[in-house]
Structures are given as C-alpha cells and as structure tokens.
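Input: a single structure, listed below in structure tokens.
Nothing in this text is a laboratory measurement; each read-out follows from the coordinates by a stated rule. These numbers come from a predicted model, not from an experiment. Positions of Cβ are generated from backbone atoms using ideal geometry, with glycine treated the same way; all protein chains shown enter the neighbour counts.
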Amino acid sequence: MISIVIPVYNGALSIGGLVDELVARLSPLYSIEIVLVNDCSQDNSEEVCIELTKKHPGFISFYSLSKNMGEHNAVMAGLNEATGDYAIIMDDDFQNPVDEVIKLINFMISNDYDVVYTFYDEIKHSYFRKLGSRFNDRVANFMLGKPKNLYLSSFKIINRFLIGEVIKYHLPYPYIDGLILRTTSNIGKIKVIHADRQFGKSNYTIRKLFSLWMNMFTNFSILPLRIATILGFIFSIIGFILGIDAVIEKIYNPNVPLGYTSIVLIISIYAGVQLIAIGMVGEYLGRMFVGYNKKPQYSIRKSIKKITTDGQK
C-alpha cells in the first residue's frame, strides 16, 4: 500500500488534475490511497477535494482543518491518517510529475531506506523561494547535523517504521525533516525533474519561512542557547580587557577624559547580546508553555474517508 499525503492550500486549480493523473497512472501498478488535507484554504479547494472523493471513492480520503496551521502540521495530520506501508509527501502544485512519483516509489521499494529525498538539477521556484531553501539547507547542516550533500525536498517517501516514529510527536510545532533526521540516518536520495508551476504562485511568505526556521531552531536543538552563552562569555572577556586598559591608561595619564563613545558602544553591545539571549530563552519557554497548555497540532473539522473494497468507510 502506498499512501500519498498532499497538504492542500489554495490549490483548487491544480489539485484536481494532479489527483486524476495519480489515480490513472498509479492504481494499475500499486495499491494506493491519496490523503488530501485542506489547510483551511481561502479558495474553493475544499469543494474540489470533496468532489474528488466522489469521483475516486476507493482511493481518496479527505480531511479539512478548522484553522490554517501550516504545511508541516497539515502533513502530520495526513501521516496520522495514512495506512500505507510507505507514504509519499508531495505538494499540491503539480510541480512533481507523476512519472517522477513512480520513479520514487520503485527506487524506495528496490532499496532498504527509511526515507528517500528527491533533488533536482534545476528548481523551478521563484528567486525568493530558492533563497529561502538555500538558507534552510545551510542552517539544517549546522543545527540538525544534516548531511551536506542532502537536499531537504518536500517531495519524499518514508516507510512505515518512520511514519510511526514521526507521528509520535504531538507538540504544536512540528518540523517534518527535523523529526526524520533525529530518527534515522538510513537516508537515500534520487534525482527527479521539477516542472514549472502551472497555476498560481507559491504560498510561502517571509512570515511562514521565519516560522519554519524558528521551529528548526527551537524544537530540535539547544544550539541557539549555547551560542548566546558563548557570545556572552566572549563579550564579558572583551569588557574585562577594556576595563583593565582604561584603568592602566588612567594611571599613566590622569588627565585623559573617560571616553563617551567607547562607553556608549560597550553598553550598546552588551544590551544587544543580553536582549538576544533573553529573547531566545523566552522563545524556548514560550513554546514549552504553549505545549504544556496542549495547543493542538491540528484540528480536523471535516473528514471523508475512502471506501474500502468491502464497502466500508
């Protein structure tokens, strides 16, 4: 069984054609289910997805979230409902051709990886999205111990073992790749084609990218706190050295006035470092507080489950 988890956000123009082709091309080859998760879209994606469940009743499960929670939360909702031996995670924008889906499945079945990531010779995203992806890749190398030659594509396949480990995470700020990388090092990769976007534009904004990076920083590493500690230690040493220098200079030349500029500079630096450190600690504590108060990872308002071969939903 192959589960295909697709988070849908404002994808009314593309999701119908994508699902139709997935069913037409994959159902003769594999036992499949397609799990659509509508992340509170602002267009008529929900109506389109409901029609798809009627058009392909034996293949489509549909879940509609009550609030826009973000791509990774929507994927978590889909993985919790997926029943397959493998789960493909892909976007709703039709930039991953179905031929590449078949290639990914066959590569996974032929090998013994827990996860297979895809990579591209040419990424057909906007410049802003490419820049965000590059930054995300560099940060993941540093924060998560990601292999440097691995591209964290949103188009990937994971096995049942990894599905089970990922859905054990119940806190409100999931980062799928962080959960994967902390669970396994049995990782494969395969080159695929990335097609041009046919409809609309990317839903990633600066706010969403910043939220994703903060999830990476604070949920899967304490490195920011260590950096803040090291910076505090370094600037304390610098301040101590400057203090000794000022005392010695005053002893040898009592007429030297105290430097107003240097004092302002030192105070500004100290204040900046302290505020950064306090802010980082506050971010960790705030997320702990939100998790303690059991903020939901997602809430499903409406669900339509696929009809099995015996007619049961």
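Efficiency by 1/(1 + (r/R0)^6): what FRET value for residue 274 and residue 161, r their Cβ-Cβ distance, R0 = 35 Å, to the nearest 0.05?
With a Förster radius of 35 Å, E is 0.20.
Using modelled amide H (1.01 Å from N, peptide plane; none on Pro or chain starts), what sits under 5 Å from the amide H of residue 33, excluding residues fewer than 5 places away?
Long-range HN contacts for residue 33: 2, 3, 4.
If the limit is 29 Å between Cα atoms, which of 103/305; 191/295; 148/168 go over it?
191/295
Between residue 29 and residue 85, 0.36 nm times their residue separation minus their Cα-Cα distance comes to what?
Additional length available on full extension: 18.7 nm.
Over all alpha-carbon pairs of segment 27-107, lay out the pair-distance distribution in 10 Å bins, whole %, shortest bin first.
Cα pair-distance distribution for segment 27-107, in percent: 16, 49, 32, 3.
Would you mind getting me the FRET efficiency between residue 292 and residue 103? Use the beta-carbon distance for r and R0 = 45 Å, nearest 0.05.
After rounding, the FRET efficiency stands at 0.55.
Pop out the Kirkwood hydrodynamic radius of segment 1-62 from its pairwise C-alpha distances, inverse of mean 1/r, in Å to one decimal.
One decimal place: 11.5 Å for the Kirkwood radius.
For segment 1-103, with only Lys/Arg (+1) and Asp/Glu (-1) charged at the beta-carbon, what is the dipole magnitude about the Cα centre, in debye rounded to 20?
Computed charge dipole of segment 1-103: roughly 220 debye.
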